[in-house]
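Worksheet for the structure shown next.
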Amino acid sequence: MELDFILDLIESSGYLGLFLWLWLGVFGAPLPNELIVMTIGIAASQVVLNPIVTFFVTYGGIVAALTTAYLLGRFVGRPMLPFLQKRKRFSKVIERSLNVMNKYHSYSLTFSYFIPGLRNFVPFLYGVSKLPFKTFLLFAYSGAFAWLVIMFSLGYWFGDHKERIFQMETEILFIAAVLIASYFILKLIKRKRKQKINSIT
């Protein structure tokens, strides 16, 4: 059903329709982002879509959605945040997002996209905190790109086993998030060690 919807969307509205749906439609979509992107990967594997164009259109839609969340937080987030925190549906996710942000700082933008729920609120909350846009761009866009490579590839190469892969979604995303977080932590440790050596010399 999801595949038919994606194909109909491309046929009726082209890649622009896919971009707009990924940018604005997924905020209200009942389907998990993982399933959506894997389905797009399946559609690309069936030679109905150009895989490279489809990948970058999908990435553009995701980046646009992340940027929209950040800008909403930056410009209207302060009055919205108390309202959202009073709602049970959002309060726990916001609390989790704030805990992750306090612990990992800007690096949380990179791996938060691997965690459903947090991926929507962390960019918004960094907008509220007035994080510089260049910093947001670096960490958020790179995390979304890594996530997209994994999910799109799973759909493209293993689409026939989509249900089984989706059942293992938590494990796959956890391993990917750990690997990415480890990379950035090691990079941070190396930078601090280098700064320490430079200060001694």
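Odds and ends about this structure:
- Verdict on THR67 being open to solvent by less than 20 Å² (accessible area, probe 1.4 Å), within 25 Å of ILE40 (Cβ to Cβ) and part of a helix (DSSP H, G or I): no
- Against the numbered list (1) without any contact (Cβ under 8 Å) to a residue 60 or more places away in the chain; (2) farther than 17 Å from ILE40 by Cα; (3) surrounded by fewer than 18 Cβ atoms within 10 Å (Cβ to Cβ), PHE158 comes up short only at (2).
- Residue count, region 93-120 (criterion: free of Cβ contacts under 8 Å to residues at least 60 places away in the same chain, surrounded by 23 or more Cβ atoms within 10 Å (Cβ to Cβ) and in a helix (DSSP H, G or I)): 4
- Selection within region 130-146 - part of a loop (DSSP other than H, G, I, E, B), open to solvent by 40 Å² or more (accessible area, probe 1.4 Å) and in contact (Cβ under 8 Å) with a residue 12 or more places away in the chain: LYS130
- Restricting region 44-57 to residues that are aliphatic (A, V, I, L, M) and in contact (Cβ under 8 Å) with a residue 24 or more places away in the chain, the residue that is most open to solvent (accessible area, probe 1.4 Å): VAL48
- Inside region 73-92, residues that are of a type in the set (A, V, I, L, M, F, W, C) and without any contact (Cβ under 8 Å) to a residue 24 or more places away in the chain make up a count of 4.
- Which listed residue is of a type outside the set (Phe, Trp, Tyr) and surrounded by fewer than 20 Cβ atoms within 10 Å (Cβ to Cβ), from GLY60, GLY41, GLY77, GLY127: GLY60
- Residues that are modelled with pLDDT of 90 or more and either of a type in the set (Asp, Glu) or in contact with a Lys or Arg (Cβ under 8 Å, 6 or more places away or on another chain) (or both) are absent from region 133-142.
The values are calculated or read from the model by the stated rules, or taken from the named source; none is laboratory data. Note that the structure is a prediction, hence the values are computed from the model and not measured. Heads up, the Cβs are rebuilt from the backbone with ideal geometry, glycines too, and the neighbour counts pull from every protein chain shown. Surface accessibility is based on the protein's heavy atoms, side chains included, excluding ligands, DNA and RNA. Shrake-Rupley method; radii C 1.70, N 1.55, O 1.52, S 1.80 Å.
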